[in-house]
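First up is the structure itself, then whatever we jot down about it.
The values are calculated or read from the model by the stated rules, or taken from the named source; none is laboratory data. All of these numbers come straight from a predicted model, not from anything done at the bench. FYI the Cβ positions are ideal-geometry reconstructions off the backbone, even for glycines, and counts take in every protein chain you see. Each accessible area value is taken on the protein alone, full model and side chains, heavy atoms only, with ligands, DNA and RNA left out. Shrake-Rupley method; radii C 1.70, N 1.55, O 1.52, S 1.80 Å.
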Amino acid sequence: MLKQISIAFTILVLSINIVYAGCGSCNVLKSKPISQTGDYVLVEKINKNGVIEGNVLASCGMCNFGMKNKNKCSLAIKIGESVFDVKGTSIDDHGDSHSEDGFCNAVRVAKVTGKIKKNKFYSSSLVLKINK
């Protein structure tokens, strides 16, 4: 009986670990991501119709934008003080997210076109800018 309880407890702990571990490659507690923002003019407000067109900050929502509701790496944009999940393109569509200048290690500027709906950014286009 004790052996069965031990096995059940071990399976429970491992299951919880897998669910809440995230990708395992990120250093979420790092003090400051690499900033590759340059001196671009950024979109600071959302239009009433939700359409966004211009330069925004893009990075990993969990690693660099402090999205507490995330347990894995995902692409997000920041407009003013608000952070939005990105739909229509993923974090690894723009290179290795865990490379030195990838989204988990850097905040980048991206020219975007799309619309904010239900607190998510639906991207028609997301192109990373090169540092000036």
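Within the stretch 53-77, the set of residues being in a loop (DSSP other than H, G, I, E, B) and touching a Phe, Trp or Tyr at 6+ places or on another chain (Cβ under 6 Å) comprises just one member, Asn71. Remark: pairs (first residue in the stretch 86-109, closer than 17 Å to Lys70 by Cα; second residue open to solvent by 40 Å² or more (accessible area, probe 1.4 Å) and not hydrophobic (A, V, I, L, M, F, W, C); Cβ separation under 6 Å; 6+ apart in sequence or on different chains) = Lys87/Lys120; Lys87/Tyr122; His98/Ser25; Cys104/His98. The set of residues from the stretch 73-85 being in contact with a strand residue (DSSP E or B) (Cβ under 8 Å, 6 or more places away or on another chain) and open to solvent by 30 Å² or more (accessible area, probe 1.4 Å) comprises Lys78, Val83. Whether any residue in the stretch 27-40 is modelled with pLDDT of 80 or more and of a type outside the set (S, T, N, Q) is what I want to check. Looking through the stretch 27-40, at least one residue is modelled with pLDDT of 80 or more and of a type outside the set (S, T, N, Q).
Residues in the stretch 41-72 that are of a type in the set (D, E, K, R) and at pLDDT 90 or above were compared, and the one that is surrounded by the fewest Cβ atoms within 10 Å (Cβ to Cβ) is Lys48. Considering the stretch 86-110, the residues that are at pLDDT below 95 and part of a strand (DSSP E or B) include one that is most open to solvent (accessible area, probe 1.4 Å), namely Asp93.
For first residues located in the stretch 56-82 and under 19 Å from Ile46 (Cβ atoms), partners that are of a type in the set (Ser, Thr, Tyr) and lie 6+ apart or on another chain with Cβ distances below 7 Å form the pairs Leu57/Thr37; Gly61/Ser74; Phe65/Ser59; Leu75/Thr89; Leu75/Ser90; Ala76/Ser59.
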